[in-house]
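Input: a single structure, listed below in structure tokens.
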Amino acid sequence: MNETATMTRTPQSPKRILLFLHDLAGGGAEKMMIVLANTFARRGHDVTIVLAEDKGVYFNLVDANVRVETLGTKRTATALLPLVRFLRRHRPDYLLSTLVHVNVYAIAARWLARSPAVLVVREANNLSENYAVEPKLIKVAYEIAKVTYKFADGVIAISKGVADILVETCDLQPGDIKVVYNPARITPDATPPVEPEHPWLVDDTRPLVVSMGRLEAQKDHFTLISAFARIAPATNARLLIVGSGSQRERLQAHIDASNLGDRVQIVPFTKRPQAYLRAARVFAFPSRWEGFGNVLVEALSCGCRVVSTDCCSGPNEILQGGVFGRLAPVGDADAFGAQLLGALNDPPRTPQEEAALQAHLRQFEPDVVADAYLAYFAALEQRQASALFDTRSASRPIRDP
């Protein structure tokens, strides 16, 4: 239904761009917004990240030429009036927000401030699946989003699957949504760390499978461990699961019960994921659902073979239906294990395959994605100006000659 945005860079006069988030916690949405902010600023735009709460692990990723302001609240709801005042004081040209509970307050704040800023809400989640696991207050935001997203000037979905769900759940038409993939491609760092974070990263005598993600039911590492247990007799590979979350004890118990303690380990969230991706022969992504799947792009950028569930939504688009990685049904340990074993035994990519992969990954480069965002903002700004002109023209009295 929607085409992803890929377009040639065009000169643009500097704009005041405000990106609104709750915080800079360790999630994919926050990381991608920082990448966008940094890229906008490198283009000469005046960029500010505004946070409801002053917390997070990603402050060190923000470039020096991007300002970070905090509204001093603990909840997004109580940031509404401070954001209204901020909009009135700073008068941005463009306002970008992400995540449902943030987007609905950005829409309200723009209206209360009577701000002329062009507002784009970025939807990063699979609303249908996420709704079931969100706390009650966030569920309220989801219900509000269904009737308020249409009051934004534009809506960006980070995958075609997310866009389809927005059409199903919100009062939006396909033409109201622009699909722009995440700027998740990374340039592999060729400099190894002085000390590896884990000894398996420097042991090249046995192949390594890596998985990264929050240790929560959505990421379904339980099925990954079951899949690995099924193929363990056929390979000497080891598995590292990188992440933190409420499922850690349950997952560790499953590892122990499967007698995999010497071959499967869980390590905490890391700020240096590249060290793990560079060392991995295979990257495993067992999620039950996603909005996109940034780490799949990162893994491909680092040369990993990839095995993912064919979940809704994102992985199928990133892997182009299985062209650039292996896909397995959600929750199927046997199928996922078979794909893991196949990936572990895959030969190196041919030069032709590598060239095709690199061409495919260009659409996820920060510059390409930033171009798409800026072009979308400019088009919405022009539409806004044309609508204002038409309104003023219609209100003028007709004078007789």
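Tabulated values for the structure
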| quantity | calculated |
| --- | --- |
| Three principal axis lengths of the stretch 199-361 [C-alpha, angstrom, descending] | 43, 35, 32 |
| FRET efficiency for A253 and D346, using Cβ-Cβ distance with R0 set to 30 Å, rounded to 0.05 | 0.40 |
| Sequence-separation-based contact order of the stretch 199-361, relative, with Cα cut under 8 Å and 6+ spacing, percent | 24 percent |
| Simple spin-label estimate for F151 and T70 in nanometres, 7 Å along Cα-Cβ | 2.9 nm |
| Rounded Å value of the spacing that divides the Cα centres of the stretch 60-115 and the stretch 219-255 | 40 Å |
| Relative contact order %, the stretch 188-287, counting alpha carbon pairs below 8 Å whose residues are six or more apart | 42 percent |
| Length-normalised contact order of the chain in % [C-alpha pairs under 8 Å, at least 6 apart] | 16 percent |
| Taking N as its residue count, the alpha carbon Rg of the stretch 245-324 over 2.2 N^0.38 Å | 1.20 |
| Long-range HN-HN contacts of A157 with modeled amide H, under 5 Å | E123, K178, V179, V180 |
| Average silhouette area of the chain, convex hull of alpha-carbon atoms, in square nanometres | 22.7 nm² |
| Sorted by Cβ neighbour density within 10 Å, fewest at the top, the residues M33, M212 | M212, M33 |
| Computed helical MRE - 222 nm, the chain, DSSP H runs ≥ 4 contributing -39500 (n - 2.57), nearest 500 | -12500 deg cm²/dmol |
| Potential lengthening between E134 and A217 on full extension [0.36 nm per residue; Cα-Cα distance subtracted] | 28.7 nm |
| Stretchable slack from L112 to D63, in nm (0.36 nm times residue separation minus alpha-carbon distance) | 14.6 nm |
| Long-range amide H partners of V47 with built H, under 5 Å | I17, R67 |
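Quick note: the coordinates plus some simple rules give every number you see, no bench work behind them. Only a predicted model underlies this, so the values are computations on that prediction, with no experimental measurement involved. Note that each Cβ is placed from the backbone with ideal geometry, even for glycine, and that neighbours are counted across all protein chains shown.
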